[in-house]
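Notes for the one structure printed next.
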Amino acid sequence: MKKRILLSFLTIFSFTIVNAQRGKDGSKTVTGTEVVNAYTSLALDANIGDISITVANSNLSSNFSGNLSAGDLIMIIQVQGTSVDDSVVGPVANWSKFQSKWGAIIDYNDCGNYEFVQVESVPNATTINLDCALSFDYTALGNVVILRVPRYSSLSVPSGTNLIADPWNGSTGGIIAIEVNGNTTVNGSIDVSSIGFRGGQPENFSTSTALRFADSNPIEGAEKGEGIAGDQIFYDSFNDGGARYCKGAPANAGGGGTSVSAGGGGGSNAGNPNNWAEGVGVPDPTYNTAWALESPSISSINASGGGRGGYTHSSTNQNPLVSAPGDAGWFGDLRRNMGGLGGRPLDYSLGKIFMGGAGGAGDGDETPVAAGAGGNGAGIIFISSYGNITGSGNINANGQNGFNCEVAGTPVFNEITGTDGSGGAGAGGTIIIKTTGTVSSISINANGGNGGNQVLKLGFIATPEAEGPGGGGGGGYIAISSGSPTRNTNGGTNGTTNSPHISNFPPNGATSGGIGLPNETIDAFDFSANNDVICTNATSTLTAIITGTIPIGSVVEWYDANVGGTLLFTGTSFTTPPLTATTTYYIRVCPAPYRVPVTVTVNPCPSISANFSSTDSTLCIGDCIDFTDLSFGGTPTGWTWYFPNSDSATSNVQNPINICYNTLGNFDVSLVVSDGSNTDSLYMPNFITVNPLPTVTANASTNPICLGDTVSLFGGGATSYTWDNSVTNSIVFNPTSTNLYTVTGTDANNCENTDTITLTVNNCSQPTASFTTSTDSVCLGDSIIFSNNSTGTNISAWNWTFPNGNPSTANTQGPHTVFFNTLGSHNINLFITDANGTDDTTITIFVNSLPTVTASLSNDTICLGDSVILIANGANSYQWFNSLGQVQQNDTIFPTQTGNYIVQGTDLNGCKNNANTIVTVNLCSAPIAAINASNTSVCVNDCVNFTDISTGTPDNWSWHFFGANPSTSNNQYPSNICYDSTGTFDVALFVSNDFGNDTIYLPNYITVDSCNTIPFEFIIPNVFSPNGDGKNDLFQITGTGITAVELSIYNRWGSNLFSADNLINKGWDGRTTAGSECAAGTYFYIVTIDSSSESKTYKGTITLIR
């Protein structure tokens, strides 16, 4: 494609024009403490697509040099209007006031919606017309704030200066919004801390045992904080009569303390909405022992949202690490868990932004009021920047600390002060820095405030008590577009009590706020355009340049005026009509709140005119082209070519060749020519178009195919295709083998690419199942080996069935060894599968029984030296083995010892079985009698066991036991032969067998003794008279068989008077152990008397007579 264009003299270089509205308020340096925004509120609802809004006052001149006018910038943000749960249905009226879910977010509605829009005009005192249509809906009753936003060219906040906002007053304030076209330096502070939603205020009405989460009566609890659901006055419309008071958390606001002197809950902002945990916040893990006493335990919880307020009033000193909240021993209001719930974390994934929720007040009953108020939440800071933001200062949106419960001065005698609940803290706010530059060095903080403390003061002899501290505020939200400054959204710490009753648990039920979201991002974008220079009556193509991430749905528009004007074109590139004078156009990309000017300068043409042609201008990636100089009007002597994004960025030859492009896109070409006196240039924007190569795919109608089948190959991803191997696209052919095919595809831009496909040609004949066996007849219990012999194409499955075999099935190729333990015939089946089909085959095998073999002897008992014949039956052939496992060659044997002989019989099927028989070999000699006794010296009435130890294998026994019972026995081993009289007694044994007999006689073999013992007998007296007359002077234990005596004496009061052991032949002489004489009377004794075989203990009384 050839392009020949004649342009006028100037230069090919272009530059970006800064937009006309941004920076209109000039450079700003903050001095002292300044507010730079003006505020009003939305008077009527506004909807998506509106280009006009109705406000309370459209002047917005505060802190500006004049009224709001065309080209100024405003921010619109709805601060409240969230719907919360206020209608829980239950068994009694206003059931929801008893539920922790009271105040849960049902719908954010339009709350949190925000946008920046440029003013097109201000026709009257209540109307503002907008340059771009609204992107969101806004509900006026939800407190929609309209801020006039200064449009600085640069901003400096020096050290010691402060950029602040008006405090939130229920309809406006609490927000800083600024636009800076250049760089921002912050060495001082930009701060909206403690000026957001307002904290709950204390009162001095209270009642014990209160339970409610919401109520209109201050006697039930303290005032809640303000949040995105509304303020305290708005809460009066809740719950069929009001819900301003008590511990329930309305959206991100902290609840007030419920019942006597409970602490207020902390407000909330950002966090995990699914991790609120009933407003518990973050209990200090140092005191997990105490937290575990709650039911359910909150030990080790780390939840999002505000911190919870502390427990109600207690008046006794117990151990809070042992006694749970609500224990009756605490007295007062039992130190119940009635602190205000921490506010609920908000969902920033919706693209909305919010102020930090305020803390709830502590409950109080002192006069004057001593309870702590809730801390205010922080506001919002939004910086829209098109440069860098640096410095050593701070950007802060920290929540306010909850207020302490503290009474000024020193209490008088027996007076105690500071006995109410403390306030919950406000939450951190929101800081958004949306910049196309970077953010560095500064510190950005959106931390929650700390809960209020109980400061208990005691007059002389006053009795301490304890009340609830305030909960910490939750962390806020920080999002920047780029950079890595220090960012903090920490939750505030809980308040504490200094009550000596709770010295080992100073939180007393109050918890810290959860961490917010410090490291979020926000997309930023900008747009610009390059100026152009053309000859008179020429056209110019202008292109919008977008940097950053443009919002989805944004449209580029071209106007002829900075504000208002006529829409000339919609699209990224705009081609002007032929121009005769320098003209400025304006680009708008809604929702960006500004327009960017771009100027086309028109000049008369010089005497030499640059022109050129190329071999092509529409390329494929990787293509190369040649350029030809066609300049006219003079004789050029110098050439400077510019080829951006090519492999040769510049050239000074007249006709450059082989200029190659390896990057996709549209690229400019410029030529500057000179004839020595005059110079001209030709700039061709987007002259070169480099197209991508098509993504070509090679496809087959079927793959794989069977040998003999036809198939067609076809390409995809292009417009035309050529194949190798003589294949025509989409035309069927009959391949005979597997092969690789390459397709070349050409697209509409004449760009080519290739792809390959391997076409697989298979032999698709049906498989044939076949297998072999190691044998087709087997004995019971033996195995057969089955081996696969099947044929087919890539057989994928072998399914074997072995009826009554072990295993009974198999699913691999094999071979398989199978054991059979069931007689009869069995049909073995193999079923195979390959890509073309299935087949199976069956072979029958037989399992034969084992022969029933018997073994016997001609004589199973013989004398040493005799022979015996081995006899076997039940089989066809036999083989004998002796007891050593050796093969027995002959049927007639001469065994030398008793042993086992085994025969293995084999039947006609070759099946084998075994049998065995035992031959007993005797010496065949007469026995020799001998005996042994279990004991030969016994006591009267003892019994003895006798053992025959004769040799020669006797088989008859005759025993005689003189003086015993029984006196005779025919057993080989007689037992329990008993003797009932003393003396010595004879024993005789007669033994015999087939070969003879023998007798043994043992005179006086058994000795029987009387074995007399001393009896264990004793006397315990019940009276004695220790008067020294030698008669009955001792309380003494006497008797026989005594080995030890241990004695203790007690009076009637249980006092021990005397104790001694080793009192054999001794006794108590009526004196104490210390030697004092005991009076006449009755005494108690405990005596332990031992013999050689036992011990006995007795208790009783002894009478002492004087």
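Each value in this text was obtained by applying a stated rule to the coordinates, not by laboratory testing. Owing to the predicted nature of the structure, the values given are computational and were not obtained by experimental measurement. Counting neighbours? That spans all protein chains shown, and the Cβs are built from the backbone with ideal geometry, glycine included.
Things worth noting here:
- Extension gain, T628 back to I1105 (0.36 nm per residue minus Cα-Cα distance, nm): 156.3 nm
- MRE, 222 nm, helices only [DSSP H, n ≥ 4, -39500 (n - 2.57), over the chain, to nearest 500]: 0 deg cm²/dmol
- Here's the picture: a label point sits 7 Å out from the Cα of N272 along the beta-carbon direction, and within the stretch 458-483 the residues with their amide nitrogen under 16 Å of it are 475.
- Fraction of beta bridges assigned by DSSP in the chain that are antiparallel (%, nearest 5): 75
- Computed from backbone phi with θ = phi - 60° and the Karplus coefficients 6.51, -1.76 and 1.60, the 3J(HN,Hα) list for the stretch 766-778 is 5, x, 10, 7, 7, 7, 10, 10, 5, 6, 9, 9, 9 Hz; x is used for glycine and proline.
- Distance from the stretch 577-642 to the stretch 156-198 (C-alpha centre basis), Å: 47
- Per-residue Cβ neighbour rank within 10 angstrom, fewest leading, I176, I380, I522, I105: I522, I105, I176, I380
- L321, L60 arranged by Cβ crowding within 10 Å, fewest neighbours leading: L321, L60
- Relative contact order of the stretch 1000-1062, defined on C-alpha pairs under 8 angstrom at six or more residues apart (%): 23
- Estimated FRET transfer efficiency when R0 is 56 angstrom, pair S121-A748 (beta carbons, to 0.05): 0.70
- The stretch 1059-1106-the stretch 707-777 distance, computed between alpha-carbon centres (Å): 118
- Neighbourhood charge, 15 Å Cβ-Cβ cut-off, centred on N498 and excluding it, Lys, Arg +1 and Asp, Glu -1: -3
- Phi angles of the stretch 990-997 translate, via the Karplus equation with coefficients 6.51, -1.76, 1.60 and θ = phi - 60°, into HN-Hα couplings of 10, 10, 7, 8, 5, 10, x, 8 Hz per residue; Gly and Pro are given as x.
- Within the chain, longest stretch free of exposed chymotrypsin sites (Phe, Trp or Tyr not before Pro) [DSSP loop, at most 11 other beta carbons within 10 Å]: 461-1052
- Remark: relative contact order (the stretch 698-762) = 37 percent; criterion is Cα-Cα distance under 8 angstrom and separation of 6 or more residues.
- Projecting the Cα positions of W959, G71, V280 onto the charge dipole of the chain (unit charges on Cβ atoms of Lys, Arg, Asp and Glu, taken about the Cα centre) puts G71 furthest along the positive direction.
- Close amide H partners of G174, meaning residues 5 or more places away or on another chain with modelled amide H under 5 Å apart, are D166, W168.
- Fewest-first sequence of V122, V36 by Cβ atoms within 10 Å of each Cβ: V122, V36
- Those lysines that a straight Cα-Cα span of less than 25 Å connects to K1031, excepting residues fewer than 8 apart in one chain: K1066, K1099
- Between S87 and N900, the contour length at 0.36 nm per residue exceeds the alpha carbon distance by 282.8 nm.
- Selected from N169, T126, V157, residue furthest toward positive end of dipole (the stretch 91-222; charges at beta carbon): N169
- Distance (nanometres) between label positions extended 7 Å along Cα→Cβ at N739 and D776: 4.8
- Here's how it looks for T127: its modeled amide H is under 5 Å from those of V55, S58, which are all 5 or more places away or on a different chain.
- Where labels lie 7 Å past Cα in the beta-carbon direction, separation of C706 and N971 in nm: 9.0
- Summing charges over neighbours of T936, with a neighbour being any other residue whose Cβ is under 14 Å away from its Cβ, gives -3 when K and R count +1 and D and E count -1.
- Positive-pole candidate from S1010, Y477, S737, dipole of the chain, charges at beta carbon: Y477
- Within the stretch 613-636, backbone nitrogen closer than 20 Å to the virtual label 7 Å beyond the Cα of S720 toward Cβ: 616-621, 623
- Qualifying lysines (Cα of each under 24 Å from Cα of K434; at least 8 residues distant if same chain): K24, K28, K352
- Reach of K97 by Cα under 28 Å, taken over lysines that are not fewer than 8 positions away in the same chain: K224, K247
- Between K101 and I461, residue separation times 0.36 nm minus the direct Cα-Cα distance comes to 125.2 nm.
- Computed E for N1051/I416 - FRET, C-beta separation, R0 41 angstrom, nearest 0.05: 0.10
- Given charges at beta-carbon only (K, R positive; D, E negative), |dipole| of the stretch 221-282 in Debye: 140
- With both labels modelled 7 Å from their Cα along Cα-to-Cβ, the F331 to V35 distance reads 5.2 nm.
- Taking Cα centre as origin and charging only the Cβ of basic (Lys, Arg, +1) and acidic (Asp, Glu, -1) residues, the dipole magnitude of the chain rounds to 2260 debye.
- In the set (1) 56.6, 170; (2) 32.8, 114; (3) 40.2, 132, the label that goes with Rg and Dmax of the Cα atoms in Å computed for this structure is (1).
- The HN-Hα couplings worked out from phi for the stretch 108-119 by the Karplus form 6.51 cos²θ - 1.76 cosθ + 1.60 (θ = phi - 60°) are 5, 6, 9, 4, x, 5, 7, 6, 9, 9, 8, 7 Hz, whole numbers, x standing for Gly and Pro.
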